[in-house]
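Working notes, structure below.
The values are calculated or read from the model by the stated rules, or taken from the named source; none is laboratory data. Note that the structure is a prediction, hence the values are computed from the model and not measured. As a convention, Cβ positions derive from the backbone with ideal geometry for all residues, glycine included, and neighbour counts pool all protein chains shown.
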Amino acid sequence: MQELEELQEQSWLFRWLGDNWISNNIPDALWAQVLLGLAVLAILVMVAGWITAHVLTNITRRALTAVGHDDWSVALSRRRVFRNVSYAVPLLVIIGNIGLLPIEEKYVGMLSRIFLSAGIVFLFMAVNGALSAWQDIYAASTRAQTRSIKGYLELGKIIVWAVCLILIISILVNRSPLLMLSGLGALSAVLLLVFKDTLLSLVASTQMTSNDMLRIGDWIEMPQAGADGFVIDMALHTVKVQNWDKTVTTVPTYKLFSESYRNWRYMFESGGRRIKRLLRIDASTVRFLREDEIQGLRRFALLRDYLDGKQQELQESNQALGEHAQVDANRRRLTNIGTFRAYALAYLRTQRELHQDMLMIVRMMEPESQGIPVEIYCFANNTAWVEYERIQGNIFDHLLAILPELSLRLYQAPSGADFSRGWSGESGQD
């Protein structure tokens, strides 16, 4: 009984109420005093929670709106920053008034550490939400198209939660956080092994950002990772690439720094997309042009200047041969494939949808078993995929259709139908 009276005298409830009518009429039963203390704490918690959730939150939102940062107000609300703070403040109020309960000091200390740990968790959750809100605000800006800060913010979140964990453990065991930090030195090797990918990703993310190697929206090709599409997300540990088939490939960030990949961003920035395609000419159709065929080709406006200049050049060259020019094998003559190359180049120079100031060439490559390759090399001035394919298709539609005018034919491997027609012809002759 004497211990109970001493506990009651030491109780903060009596000291908090002071010497008045209420303190003089507090019941003597311990359980009643506990219930009364709990009721007082409940009232304090509700008042603190209401003030934080309604008054301080509304003031903060209106202040952000007044200074022109309404997007921050929306982002902080979406990331539950205000709500986590409103959870943390009542817990801190409980810690400050836990002495209202007439319980022993050792239990007061234990409960205080538990409530303090919970309050710290909510506060750090609010900090984490603020970092996420920062990422949301930055992602909506134009700067996010060139530089991503998501990796740095994720690293910040890891540090925040590491500090939170150290603080909670130190509070629960009632030891200084410096003792735990000193013990981490002995675990440095283990920590380096555990956070190896994080450290590698941090270095890679820093280098890629500082050197502008990769941006959100870039089209990249990385065959070894199965990635071919646009970068849609850049985090600390991973980069997400949406492929053309709408699947998503996740590539570790450090691989994009240590391994090679192709970035098509610079092609889009140049304003020209390369067209590089072969036409395989049937070698059996390549021959010299007769004089009547040359005169017939003059009806093509694109060939007139070429034919005039080439014939004058050939005439001067053949006159220099003297009597040897009487033999056809000694004389220089126009060929149908050379004339086709000249026509194709002249045709490309008339196309407004091609970059005339970029490299433009029509060249004949080494003959192969599939024919004689003639390569068209130029740049379209529209880099969009659909328009690029339309421009390319229009060019080759015309070049394919003009081949018979020059007595040329594309090489095509024989099919079963060709052999069938050949056998039918032989059987008909028999």
Margin query: Please return the ranges of strands (runs of 3 or more DSSP E) entirely within the range 178-272 where 2 or more residues are buried (at least 18 other Cβ atoms within 10 Å of the Cβ) and modelled with pLDDT of 85 or more.
Written below: 219-222, 227-234, 238-243
Notebook entry, point to check: Of the residues in the range 287-309, how many are among the basic types (Lys, Arg), surrounded by 11 or more Cβ atoms within 10 Å (Cβ to Cβ) and closer than 19 Å to Thr350 by Cβ?
Noted result: 2
Item checked: Failed criterion for Leu278 (all others in (1) within 17 Å of the chain's Cα centre (by Cα); (2) part of a strand (DSSP E or B); (3) of a type in the set (A, V, I, L, M, F, W, C) hold) -> (1)
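Results for (1) at pLDDT below 95; (2) exposed (fewer than 12 other Cβ atoms within 10 Å of the Cβ), shown as yes or no for each residue.
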{"site": "Met360", "(1), (2)": "no, no"}
{"site": "Pro367", "(1), (2)": "yes, no"}
{"site": "Val374", "(1), (2)": "no, no"}
{"site": "Asn382", "(1), (2)": "yes, no"}
{"site": "Trp385", "(1), (2)": "yes, yes"}
{"site": "Phe396", "(1), (2)": "no, no"}
{"site": "Leu399", "(1), (2)": "no, no"}
{"site": "Leu406", "(1), (2)": "yes, no"}
{"site": "Arg409", "(1), (2)": "yes, no"}
Note to self: With the requirement that a residue be more than 32 Å from the chain's Cα centre (by Cα), aliphatic (A, V, I, L, M) and modelled with pLDDT under 85, what does the range 111-143 give you?
What the structure shows: Leu111, Ile114, Leu116, Ala118
Check: In the list Ala42, Ala53, Ala88, Ala48, which residue meets the criterion of being among the small types (Gly, Ala, Ser), crowded, with 18+ Cβ neighbours inside 10 Å and modelled with pLDDT under 75?
Finding: Ala48
Notebook entry, point to check: Is it fair to say Phe230 is among the aromatic types (Phe, Trp, Tyr) and not assigned by TED's automatic domain parsing to the domain that holds Thr350?
Noted result: yes
Item checked: Tally of residues being within 14 Å of Ala133 (Cα to Cα) and either surrounded by 18 or more Cβ atoms within 10 Å (Cβ to Cβ) or of a type outside the set (A, V, I, L, M) (or both) across the range 62-82 -> 13
Margin query: Of the residues Val286, Val241, Val251, only one is of a type outside the set (Asp, Glu), without any contact (Cβ under 8 Å) to a residue 24 or more places away in the chain and either touching a Ser or Thr at 6+ places or on another chain (Cβ under 7 Å) or outside the structural domain of Pro404 (by TED's automatic domain parsing) (or both); which?
Written below: Val241
Notebook entry, point to check: Does the range 328-350 contain at least one residue that is within 40 Å of the chain's Cα centre (by Cα), at negative phi and surrounded by fewer than 15 Cβ atoms within 10 Å (Cβ to Cβ)?
Noted result: yes
Check: Residues in the range 92-107: is at least one in contact with a helix residue (DSSP H, G or I) (Cβ under 7 Å, 6 or more places away or on another chain) and modelled with pLDDT of 80 or more?
Finding: no
Check: Quick one: in the range 199-243, which of the residues that are charged (D, E, K, R) and more than 9 Å from the chain's Cα centre (by Cα) is farthest from Ser260 (Cα to Cα)?
Finding: Asp212
